[in-house]
Amino acid sequence: MAGGPVHSVVAQSCWRGHEQSVRVLGAASGIALRVAMGLMLREVLKAGSADHRFAAKGIRSRALLVVPAACVAMPLLWRRGKWASYPFWMDDLFLSIVALDLAGNVFDLYDRYERFDLIPHAHGTGALTVLVAWLPGLSMWSAVGIATAGHVLLEAQETASDVLFGYRNVRGSWDTIGDLAAGAIGTAVYGGLYHRFVRRAGREPRSPRANRR
């Protein structure tokens, strides 16, 4: 019995060390994602819209708007919300949506691999589901509905921009159906895993809503 308290102290110390390591890894990942996005943005601007990777996609203007906004979004929310600790991994998850889409264009993955776009559509919608559930503290079903609606609006925007501006983001109705199906799978997988292993396990990071309670 004498070893009980000592064992408890050691276990708590190890757990705090593990949490600190996870936070450091999350912070490093955020820095790496921002650096990578900055380098890819530079490549887009240097190449210009005539480059076959970016031609008729509207990438230049979109990247100029989205990349800086994504890089500062979570830090600004953190400062405004006065959170106790910075949500590094949620920040990384948000950044990964933009980084994956940008990488698909910079490395010519969308054009070289016809079905590559299913990956960012699945990841983007799934990640958005988790973020929508976490940030305002919504139920998983509400988060699924909002993320799915956002994905449908994105598909509608891509189709409209193709018609109005002559872009080539959508290959046809089969492409839209495949993207929406991939998004639904991503939402189910990410949302299910988050609910099971994070929310129900009591590991959900604090959000602004939690701070207002």
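Brief remarks on what is shown
- In the stretch 125-151, the residues that are exposed (fewer than 15 other Cβ atoms within 10 Å of the Cβ) and among the aliphatic types (A, V, I, L, M): Ala149
- Positions within the stretch 77-88 being surrounded by 19 or more Cβ atoms within 10 Å (Cβ to Cβ) and among the hydrophobic types (A, V, I, L, M, F, W, C), in sequence order: Phe88
- Among residues of the stretch 30-62, those that are assigned to a helix (DSSP H, G or I), more than 30 Å from Arg206 (Cα to Cα) and in contact (Cβ under 8 Å) with a residue 24 or more places away in the chain, counted: 5
- Qualifying residue in the stretch 117-132 (condition: free of Cβ contacts under 8 Å to residues at least 24 places away in the same chain and either more than 30 Å from Phe54 (Cβ to Cβ) or within 17 Å of the chain's Cα centre (by Cα) (or both)): yes
- Only one of the numbered conditions (1) touching a residue at least 60 places away in the same chain (Cβ under 8 Å); (2) touching a Lys or Arg at 6+ places or on another chain (Cβ under 6 Å) is not met by Asp108, and that is (1).
- Residue in the stretch 21-29 that is under 18 Å from Leu135 (Cα atoms), in a helix (DSSP H, G or I) and either at pLDDT 95 or above or not small (Gly, Ala, Ser) (or both) present: yes
- Residue within the stretch 146-167 that is among the hydrophobic types (A, V, I, L, M, F, W, C), over 22 Å from Leu64 (Cα atoms) and in contact (Cβ under 8 Å) with a residue 40 or more places away in the chain present: yes
- Residue in the stretch 159-170 that is touching a Leu at 6+ places or on another chain (Cβ under 9 Å), not β-branched (Val, Ile, Thr) and not in a helix (DSSP H, G or I) present: no
- The listed residue being within 20 Å of Arg171 (Cβ to Cβ), in contact with a helix residue (DSSP H, G or I) (Cβ under 8 Å, 6 or more places away or on another chain) and assigned by TED's automatic domain parsing to the domain that holds Asn169, out of Leu100, Leu118, Leu135, Leu131: Leu118
The values are calculated or read from the model by the stated rules, or taken from the named source; none is laboratory data. A quick note: this is a predicted structure, and the numbers were derived from the prediction, not measured. Reconstructed Cβ throughout: ideal geometry from the backbone, glycine too, with neighbour counts over all protein chains shown.
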